[in-house]
Ligand SMILES: [Zn+2]
Ligand SMILES: [Zn+2]
């Protein structure tokens, strides 16, 4: 009789314990799932669709699909990261696409690189105002000068910031709106056949070594991609109207650094205001 009582009590205890366990599990599984931390999207638009396994990506240069941990950033290789892709975008630039472009005249080769300078507000460096300007997003209330220019629709293909960082706004396949009324040895509308490169700078200050280094890298890849035959400043093709890149742009140093023969600098190697 004692044993029977003992077994009954033990069975009761075990059943109570099991019940408590089930109730505990039920409560914890009813908790909302903890949201997984939001992943940063890659700096450049990835063409990988969400239905594909997350571990694969597609090279923006050649379209190859490859495991994410085998590439260089979003590219399949260093070579493709350093190239201008078939759509006219440079893998080493930060892309900040501008709506201010149109088609080049059909069949017209890209033969000229035009060098400019810009800073917004004038004389101030850093910030994102140049990109805002080229993307028609400049706040006219942020600075008195911005109110004057905010409704202009302009762009360039590239901007090289003071630290050498490069931004790209327009595909090199397209015509950016940087030269305006211009003439290169009898050929008007330089935007048709040129690539525009802005250096963040002013009339009063030398450009930075990091900017020359980035300019060298950029023109090196442009030369590989297009039949570039000349390099000029904005002031060369729009004299009287434009003064950039100005007296501080060192054409001699640029030609040495980037390996550009003198005949491809038709306005000479002297600094010009
Ligand atoms: Zn590739
Ligand atoms: Zn200019």
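Bear in mind that the values in this text are calculations on the coordinates, not laboratory data. Computed from a predicted model, the values in this text were never measured in an experiment. A quick note on method: Cβ atoms are made from the backbone with ideal geometry, for glycine too, and the neighbour counts reach across all protein chains shown.
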Surface/4 of the Cα convex hull for region 90-172, nm²: 6.1
Quick one: 202, 172, fewest Cβ neighbours within 10 Å first, how do they rank? 202, 172
Go through 218-230, 188-200 and give me the packing order, highest mean Cβ count within 10 Å leading. 188-200, 218-230
At 0.36 nm per residue, and after removing the present C-alpha to C-alpha distance, how many nm does the segment from residue 243 to residue 72 gain when stretched out fully? 57.6 nm
Which whole number in µm²/s is D for region 139-273 by Stokes-Einstein, with the Kirkwood Rh taken over Cα pairs at 20 °C and 1.002 mPa s? 137
Rough spin-label spacing in nm, given labels placed 7 Å along Cα→Cβ, for residue 62 and residue 148: 5.0
Over all directions, how big on average is the projection of the convex hull of the alpha-carbon atoms in region 151-198, in square nanometres? 4.0
